[in-house]
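Participant: Provided herewith is a single structure, encoded as structure tokens, for subsequent inquiry.
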Amino acid sequence: MAKTKTPLVTGERVVVAVVVSRVILSPPLSLISHGFSLFLLCLFAFLVEIRAETSPFLLSRFSPRRGASSGILLGAVTLPSVMLSKLVQLTRAISLHEAEQDELSHVTMQYWAASASCCAILIYLSVIMSQAKKTESLSSSLWLTRVSLTGTVFYGVACFVSLSMISHTGLNTSLKMLWMLFHGLAAVKLIRHLLCTFPSCASIGEALLVTSGLVLYFGDFLACTIAKICENLIPVDLVSISYGIKRSETGIIVQGLLLGLLLFPMVFRCVLHIYETFLRKRDGGQRNCTDAAKSILFFVSLVFFMVLAVPSWMQFVHDFHQHPFLWVLTFVFSEPLKRISLCIYWVLLIVVSVSRFYSISRSSKVERILLRKYYHLMAVLMFLPALVLQPKFLDLAFGAALAVFVALEIIRIWRVQPLGEPLHHFMNAFTDHRDSELLIVSHFSLLLGCALPIWMSSGFNDRALSPFSGILSLGIGDTTASMVGHKYGVLRWSKTGKKTVEGTAAGITSVMAVCFVLVPVLASMGYILSQGWWSLLLAVTATGMLEAYTAQLDNAFIPLVFYSLLCL
């Protein structure tokens, strides 16, 4: 195959460089090893991306989403940048005596776990590309290999030094390094599974971000489980400490619920295999389970697994005094007027909006891109009042909504009767070129884009606007940019792209205008407001330019980048 020529400097890479530079230059001297490792990771990811886009071998092997660049650089540095920003924020908390050193140690472990996952995936991609046919320049290949290997060695040294400095419990640093290695191996295994199982559904960068996030999020829950089994063998650093207090019930329920649903397909395959084996032995033939029987078995297994098995897991990890789902009901009815009213408001808004938008999409009177932005506005109407008035209840509501989405997507993909086929046709009415019939991810990315900044802002937070990162960047900025750019945009940022200068300017202006209104409201409610306006303008501008230049699924990246810049 002939090599594809791509420019070394692109708009997306320039914006990523600006964001990473801002994050690297912010930490105090105590976090210098973390900033140095992020620089090495960024350099390594840049080299891998260059090599991937100048050689078609990697892209042809995994069949990533069409129309998108590889996105390796953006995918590799996003989550580590977020975790480093959290470390910077936590050092301020310690200086103000609002947090303890144990909390900094835990977030440090999370930073290195996220970085190790991304680094392992980059090494894996480099190994795959080294197996390509000798069609590229030998000297260029050797240079990239040597630089990548050198960066990996320095990265490992920085990781070892940093982990050894937080061994206040007297634990062996090699055990922590082994935990980092576990994250890396799990990330490599998972990204290979995602890219091979769902071809043309995501770019490599998008899959990298999802993989590292899943490994970090659920690795934390698994560490708590292992720690319960053998408390004397697992370091306290590996057990989640939520800002110096005991893990919250809401966090345990959300983590357990989502992890259980993601594990359910494997559980159901085992149940189905056992049932079909039983049928063959009983009938003495090759009889398989009918579709109706599979559907019944699916729903029975789902109810049993999610109502009995997963809650038992939650109760093992956390000392619930009652069934976790009963705890949820108790929590909701502890403030029935506010929370029940909020639920009724959400249900009415969803029913009216979805029914209206579905009829519009079927008649094809409105372009699909604009129709999808209406859902961004709906997210603002749903989440903004709840975040101001009921933030703890909103945490639980996000987890429940994500669980419902995951369950429905499993039913749609497997065409489970009687809901699978109608659900598939209904969801296809809201898809665009970034979705495929195999996997629809847009609604996940929108919900997670709004939820993640809120979840990560729990505990100490001296940046009152950081929980609003997803709502501001997606619900306000992205929506305004798309609508203004579509209707009035003339000047395009690139010859091949669709994003316009007018749309980007409108998006940045709209976010700043909402911030000017939101800040006095938050101040009147007693929130800590220490965010400088110039720092806010930099964060808004950087995310606006990233939305203009990136070909990735911006719902996934923009809120995290915005959040990391707001925390500094």
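The values are calculated or read from the model by the stated rules, or taken from the named source; none is laboratory data. All values derive from a computational prediction rather than experimental measurement. Cβ coordinates were reconstructed from backbone atoms using ideal geometry, including for glycine residues, and neighbour counts include every protein chain displayed. In case anyone asks, the SASA skips ligands and DNA or RNA and just uses the protein heavy atoms, side chains included. Shrake-Rupley method; radii C 1.70, N 1.55, O 1.52, S 1.80 Å.
Participant: For the peptides 438-445, 97-104, 453-460, what is the packing order when you average, over each peptide's residues, the other Cβ atoms within 10 Å and list the highest mean first? All intermediate terms of the calculation are to be shown ahead of the outcome.
Facilitator: Numbers: 438-445: 18.1, 97-104: 15.6, 453-460: 20.0.
Per-residue mean Cβ counts within 10 Å order the peptides as 453-460, 438-445, 97-104.
Participant: Can you give me the distance in nm between label points at L308 and L262, each placed 7 Å from the Cα along the Cα-to-Cβ direction?
Facilitator: For the pair L308/L262, the computed spacing is 2.6 nm.
Participant: In whole Å, what are the extents of the stretch 441-544 along the principal axes defined by its C-alpha atoms, from largest to smallest?
Facilitator: The Cα atoms of the stretch 441-544 stretch 45, 32, 18 Å along the principal axes, largest first.
Participant: For Cα pairs less than 8 Å apart in space and 6+ apart in sequence, what is the mean separation divided by the residue count of the stretch 456-568, i.e. the relative contact order in percent? Provide the component values of the computation, followed by the final result.
Facilitator: Values: 133 pairs, mean separation 41.3, N = 113.
Worked out over the stretch 456-568, it gives 37 percent.
Participant: Calculated FRET efficiency, R415 and A513, Cβ-Cβ r, R0 35 Å, to nearest 0.05? Please list the in-between numbers first.
Facilitator: Details: r = 46 Å, r/R0 = 1.31.
Efficiency for this residue pair is about 0.15.
Participant: What accessible area, in Å² to the nearest ten, does a 1.4 Å probe give for W313?
Facilitator: 60
Participant: Kindly rank 254-262, 78-86 from highest to lowest mean number of other beta carbons found within 10 Å of each residue. All intermediate terms of the calculation are to be shown ahead of the outcome.
Facilitator: Working: 254-262: 20.7, 78-86: 26.1.
The densest-packed peptide leads the list: 78-86, 254-262.
Participant: With a ≥ b ≥ c taken as the square roots of the eigenvalues of the C-alpha gyration tensor of the stretch 387-492, please select rounded if a/c is under 1.5 and otherwise prolate if a/b is larger than b/c or oblate if it is not?
Facilitator: Oblate shape, in that a/c is at least 1.5 and b/c is the bigger or equal ratio.
Participant: With every protein chain left in place and a probe of 1.4 Å, what is the accessible surface of H323, to the nearest 10 Å²?
Facilitator: The accessible area of H323 comes to roughly 50 Å².
Participant: Tell me, what ³J(HN,Hα) does each residue in the stretch 293-305 have, in order and in whole Hz, if you take phi through Karplus 6.51 cos²θ - 1.76 cosθ + 1.60 with θ = phi - 60° and put x for Gly and Pro?
Facilitator: With the stated coefficients, the stretch 293-305 comes to 5, 4, 5, 5, 5, 4, 5, 5, 5, 5, 5, 4, 5 Hz.
Participant: How far apart, in nm, are the 7 Å Cα→Cβ label points at N428 and V161?
Facilitator: 5.7
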